[in-house]
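The values are calculated or read from the model by the stated rules, or taken from the named source; none is laboratory data. Worth saying up front: this structure is predicted, and the values here are computed from it rather than measured. Counting neighbours? That spans all protein chains shown, and the Cβs are built from the backbone with ideal geometry, glycine included.
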Amino acid sequence: MNSHTLNTHRANCDIALESRHSWILWLVSLQLIVLYAPTLAWLWERWTMGVWHNGHSLLIAAVVLYLVHRELQKCSHLPRSSNPWGFAVLFPTLALHMLDTGIHSQLLSAVAFFLSLPGFSLLFLGTKRTAAILFPLGMLFLTLPIPLVFTESLHLILRYIATDSATWLLHILGIPAYSRETLIELEHGTLQVADACSGFSTLYATVTVAIMTAYYCHDMLRKILVLLIAVPLAIGVNVVRVLALTLLVNAFGLDILETSAHEMSGLLTFAIALPVIFWLGQPPISAEAPQ
């Protein structure tokens, strides 16, 4: 057998091996989807409940898919490899999933699902490719619904901040208002700053986007700025939202809260805060055109 024939044979073997590897990967991926189908359905339900409940999660999940695809394209020149340490990641996640089938929290199963992804990546994509997509995969944990028992105190703090700040701004605008705990008393009604109006969803989304933006930003000062401004930006935007609602209530009465203005104001907090974070993470454009 001459060298040309030998090389052709090796190339055909590599193609066949890669094709078989792809089929195994697709088969295992299908089994993974079937295994975690109830969990994925639960996540979808939580992600689509509304702007007050993990409204950012669908956006983050889509961005993660894009980033994983982009990073894998950059690694397309790397040879196929497999790291058996992936089993060390998979076995505990499967045990966690089995535990959740008994307590039916779905949250533990969702954690197990996200933890299993690097394990499968090590087995089918190798160490270098897994390292390239590890950060985007890690961002999926910031799409998980946080149980209220862990955030109740933070919700209350944010409600107090929104209530006192909006009342202070109303006084500056010359509008009579009185705050009592999380209530804003106006001439035409009393507005309660409930958990949905605390701004926690906006805060969660803004911090998540800030972490992702800072990671891919190459300017250290901008990294720090993005991370430092995320929390005050989210809180400030929500205060403005509560102020706007109180002004509407003062002008048109409490019935205005039953309209789409209430929901739209929540969407606007995302529409303002998230683009600001993206903008701050972008490198400055040089004033001089390239020669």
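Please work out if Ala234 is of a type in the set (A, V, I, L, M), touching a residue at least 60 places away in the same chain (Cβ under 8 Å), crowded, with 17+ Cβ neighbours inside 10 Å and out of contact with any strand residue (DSSP E or B) (no Cβ under 9 Å at 6 or more places or on another chain). Can you show your working first?
Working: of a type in the set (A, V, I, L, M): yes; touching a residue at least 60 places away in the same chain (Cβ under 8 Å): no; crowded, with 17+ Cβ neighbours inside 10 Å: yes; out of contact with any strand residue (DSSP E or B) (no Cβ under 9 Å at 6 or more places or on another chain): yes.
In short, no.
This table checks each residue for (1) of a type in the set (D, E, K, R); (2) in contact with a Leu (Cβ under 9 Å, 6 or more places away or on another chain).
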residue: Leu123; (1), (2): no, yes
residue: Leu142; (1), (2): no, no
residue: Asp164; (1), (2): yes, no
residue: Glu181; (1), (2): yes, no
residue: Glu185; (1), (2): yes, yes
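Please indicate, with yes or no, whether at least one residue in segment 262-279 is within 30 Å of Ala132 (Cα to Cα) and of a type outside the set (A, V, I, L, M, F, W, C). Within segment 262-279, one or more residues are within 30 Å of Ala132 (Cα to Cα) and of a type outside the set (A, V, I, L, M, F, W, C). For segment 32-43, a tally of residues being at pLDDT 90 or above and exposed (fewer than 13 other Cβ atoms within 10 Å of the Cβ) returns 2.
When each of Asp219, Asp195 is tested for being charged (D, E, K, R) and either surrounded by 22 or more Cβ atoms within 10 Å (Cβ to Cβ) or closer than 17 Å to Phe278 by Cα (or both), the lone residue that passes is Asp219.
Kindly evaluate Phe135 against the criterion of being assigned to a helix (DSSP H, G or I) and either closer than 19 Å to Ala41 by Cα or modelled with pLDDT under 90 (or both). No; evaluated as a whole, the condition is false for this residue. Any idea which residue in segment 94-128 is nearest to Asn83 (Cα to Cα), counting only those that are in contact with an Asp or Glu (Cβ under 8 Å, 6 or more places away or on another chain) and in a helix (DSSP H, G or I)? So the residue we want is Ala112. Criterion applied to Glu185, Glu152 was being surrounded by fewer than 21 Cβ atoms within 10 Å (Cβ to Cβ), in contact with a strand residue (DSSP E or B) (Cβ under 8 Å, 6 or more places away or on another chain), among the charged types (D, E, K, R) and farther than 23 Å from Ala271 by Cβ, and the one residue passing it is Glu185.
Limited to segment 53-87, what total is found for residues that are part of a helix (DSSP H, G or I) and either in contact with a strand residue (DSSP E or B) (Cβ under 7 Å, 6 or more places away or on another chain) or not basic (Lys, Arg) (or both)? Walk me through how you get there before you give the answer.
Taking segment 53-87 first, the residues part of a helix (DSSP H, G or I) are 57-74, 86-87.
Filter again for either in contact with a strand residue (DSSP E or B) (Cβ under 7 Å, 6 or more places away or on another chain) or not basic (Lys, Arg) (or both), leaving 57-69, 71-73, 86-87.
Total satisfying the criteria: 18.
Right, Glu152: of a type in the set (Asp, Glu) and either outside any helix (DSSP H, G or I) or touching a helix residue (DSSP H, G or I) at 6+ places or on another chain (Cβ under 6 Å) (or both) or not? Considered against the rule, which asks whether it is of a type in the set (Asp, Glu) and either outside any helix (DSSP H, G or I) or touching a helix residue (DSSP H, G or I) at 6+ places or on another chain (Cβ under 6 Å) (or both), Glu152 comes out as no.
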